[in-house]
Amino acid sequence: MSAKPAVADRRQAIIDAARHLFATRPYDRVTTSEVAKNAGVAYGLIAHHFENKRGLYLAVMNEIAEEIAAVQLSLPPADGTLVDQLRHALRSHIAYIDSYSGSFVALLRGALGADTEHQEAVERLRWIGAQRILLALGIADPIPPVLRAAMHGWVGYLDEMMIDRITHRDIDADALVELAAAALVTTLKTTAAIEPSIVYSPEVLDAFESFG
């Protein structure tokens, strides 16, 4: 007789099964009994590990957020310019989302959109990406309020472009990279013009100029 899967493996099997269902169906049409069946585990294990369907849904969303964050934090080319680093980060982000488009849309458009924990997961993910870019530019906490607001807006802009790409499937990834990069440069230059405390290095200013 084969040994039972380890507890961690059974928990992950539940998340994997739920992730597939939540990415392909509305939240209300996914049942925990179906998740348990697809995961090959006893129904009671869902309550044991996640308490209820909401807890399972949030675990799935947090896993997606962590995966996207790992992509955002992947190292850029060692000898690349700031422009190269930015394009690398954007291409990595787009490539990941292309691979898990259903999960990405579920994260941002999830049925628990008004749920505080779900909103916090999305917000953490968005700010990780923004923070990585700011650190590359030499800007650390505390972030000036106008720059914080601008970066939140830019990340939302990128997310909406990705959802449009997923929906229509007619936008080239390189075009998206250039749109996002140009919008970011404009955003950063404008915030510096508004807020005198934001000062970029000569290298960063040269990178900005390379976008015209």
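How big is the Rg/Rh ratio for segment 1-51, C-alpha atoms only, Rh by Kirkwood, two decimals?
In segment 1-51, Rg relative to Rh is 0.99.
Along each of the three principal axes of the Cα atoms of segment 158-212, give the extent in whole Å, ordering the values from largest to smallest.
Sorted largest first, the three principal extents are 41, 20, 13 Å.
Label points 7 Å out from Cα along the Cβ direction at ASP16 and ARG124: separation in nm?
2.3 nm
Probe radius 1.4 Å, ligands and nucleic acids ignored: give me the carbon and sulfur share of the accessible area of segment 28-71 as a rounded percent.
Within segment 28-71, the accessible surface is 48 percent carbon and sulfur.
No solvent, one uniform scatterer per C-alpha: report log10 I(q)/I(0) for the chain via the Debye equation at q = 0.08, 0.13, 0.14, 0.18 1/Å, two decimals.
Once normalised to I(0) and log-transformed, intensities are -0.35, -0.80, -0.88, -1.23.
What FRET efficiency comes out for SER210 versus LEU135 if R0 is 22 angstrom and r is the Cβ-Cβ distance? Round to the nearest 0.05.
0.65
How far, in degrees from 0 to 90, does helix 145-168 lean away from the longest principal axis of the Cα atoms of the chain, to the nearest 10?
Between helix and principal axis, roughly 60 degrees.
Given Cα positions, please report Rg to Rh for segment 84-155, the hydrodynamic radius being the Kirkwood one.
In segment 84-155, Rg relative to Rh is 1.01.
The values are calculated or read from the model by the stated rules, or taken from the named source; none is laboratory data. The structure presented is a predicted model; accordingly, all values stated were derived computationally and were not measured. Every residue, glycine among them, receives a Cβ derived from its backbone with ideal geometry; neighbour counts consider all protein chains shown. For the accessible areas, the whole protein counts, side chains as well, though only heavy atoms, and no ligand, DNA or RNA atoms are used. Shrake-Rupley method; radii C 1.70, N 1.55, O 1.52, S 1.80 Å.
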